[in-house]
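Laboratory data are not the source of any read-out in this text; all were calculated from the coordinates shown. Computed from a predicted structure; not experimentally measured. Positions of Cβ are backbone-derived with ideal geometry, glycine not excepted, and every protein chain shown enters the neighbour counts.
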Amino acid sequence: MSNFTIFLDTPAVPAAALEVDVDGALAAVAEASGAIPTVTITEPDTGGATAGGPVVLTWEAAADEGAEFVYAVYATADGRTWRSVVGETTDTTATVPADLVAGEDLGAARVLVTVSDGVNGSVTVLRPFG
């Protein structure tokens, strides 16, 4: 089993760019979209998933017009151990396998979608079974 940690530090003012410095030399620059992107899960509604089956998610993101986004999806059955469902995708839909959200307490199950414009990001969480 692999573990991961997500640290999200959302500044009050979005960053304009991310610069990568290697040995004192500028190696790369990623320009931000301008506004901190937000993500909203549009399907299913909280409590709208069918217990015992996969959870089909759709979402949308918003920021400045023309911004390009990358998403990642995670799921937990117990509210403590998160597993990756989809990493670094530009799609706005994903299917969470039933075994990643099935547990003794369906109320503990969660799915999480992150959005990034390459510099700034945010996250939203859904309780698929209410």
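Building the convex hull from the alpha-carbon atoms of region 81-130 and averaging its projection over directions returns 3.9 nm². Can you give me the relative contact order of the chain as a percent, contacts being Cα pairs under 8 Å and 6 or more apart? Computed value for the chain: 29 percent relative contact order. Near Val55: Cβ cut-off under 12 Å, other residues only, Lys/Arg at +1 and Asp/Glu at -1. The net charge is -1.
Per residue, the Cα convex hull of the chain amounts to 121 Å³. Just checking the listed ones, Asp117, Asp21, Asp99: in the Gaussian network model of the chain with Cα springs under 10 Å, the one fluctuating most is Asp21.
Could you tell me which GluC sites (Glu not before Pro) in region 56-130 are loop residues by DSSP with no more than 12 other beta carbons within 10 angstrom of their beta carbon? Walk me through the numbers before you get to the answer.
Details: sites: Glu60, Glu65, Glu68, Glu88, Glu104; in loops: Glu65, Glu68, Glu104.
Passing sites in region 56-130 are Glu65, Glu68, Glu104.
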